[in-house]
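Nothing in this text is a laboratory measurement; each read-out follows from the coordinates by a stated rule. If you're wondering where the values come from, they're calculated on a predicted model, not measured in any experiment. Here the Cβ positions follow ideal geometry from the backbone for every residue, glycine too, while neighbour counts run over all protein chains shown.
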């Protein structure tokens, strides 16, 4: 079956391509390659009037809303750099981009992402970002439960290790949507 993406009911959702997260190493794609591929998709989306949703994560300034689970490996949210939550400059944020601030792993919980997607008649989301197995996967699971079609842009996402990246792409994402490369996504976006 031919793979096509209609800009009229599709949006790009970019997860956590921000200075504080892209500063860490990632695999199997380094952060610069992830950003480069995401930018290609974003530029094509803007050219075809497809909505671009830029999602970033940050706690409130007093850190009181940061989760503190009783866990073996708790992420510390203190003494973050001043530019932690700023989008990387390569995204070239535009006034038409919809910016979403999240306080947790997933982009739906506690945000207006679902509302803004539905108001625009979006049925399909193109997902990319860092980290494949945390922010992207958490967002994808809720998107699946909410009934969105999803396309996972494999080479426009990465994780801390190749194993963490590969596991959801091989076992989880194919059950919730389509896994494609940047090249395949760009070729599938139809232009009016």
Worksheet item: If you take the square roots of the eigenvalues of the alpha-carbon gyration tensor of the range 125-171 and sort them as a ≥ b ≥ c, do you get rounded (a/c under 1.5), prolate (a/b over b/c) or oblate?
Response: prolate
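Which peptide among 85-97, 138-150 comes first, and what is the full order, when sorted by highest mean count of other Cβ atoms within 10 Å? Intermediate results must be reported in sequence, preceding the final value.
Numbers: 85-97: 13.9, 138-150: 17.8.
Final packing ranking: 138-150, 85-97.
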Practice prompt. Give me the angle, in degrees from 0 to 90, between the Cα long axis of helix 31-47 and the longest principal axis of the Cα atoms of the chain, rounded to the nearest 10.
Written response: 40 degrees
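Relative contact order for the chain using alpha-carbon pairs under 8 Å, separation at least 6, rounded to a whole percent?
Relative contact order of the chain: 31 percent.
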Item to complete: Divide by every residue of the chain the summed helix terms, -39500 (n - 2.57) for each DSSP H run of at least 4, and state the resulting mean residue ellipticity at 222 nm, rounded to the nearest 500 deg cm²/dmol.
Response: -7500 deg cm²/dmol
Discussion item. Checking the a/c ratio against 1.5 first, then a/b against b/c, what shape does the Cα gyration tensor give for the range 81-192?
Written reply: rounded
Worksheet item: What residue among 114, 33, 83 has the largest mean-square fluctuation in a Gaussian network model of the chain, using Cα springs under 10 Å?
Response: 83
Worksheet item: What number, in nm² with one decimal, is the all-direction average of the projected area of the convex hull of the alpha-carbon atoms of the chain?
Response: 11.0 nm²
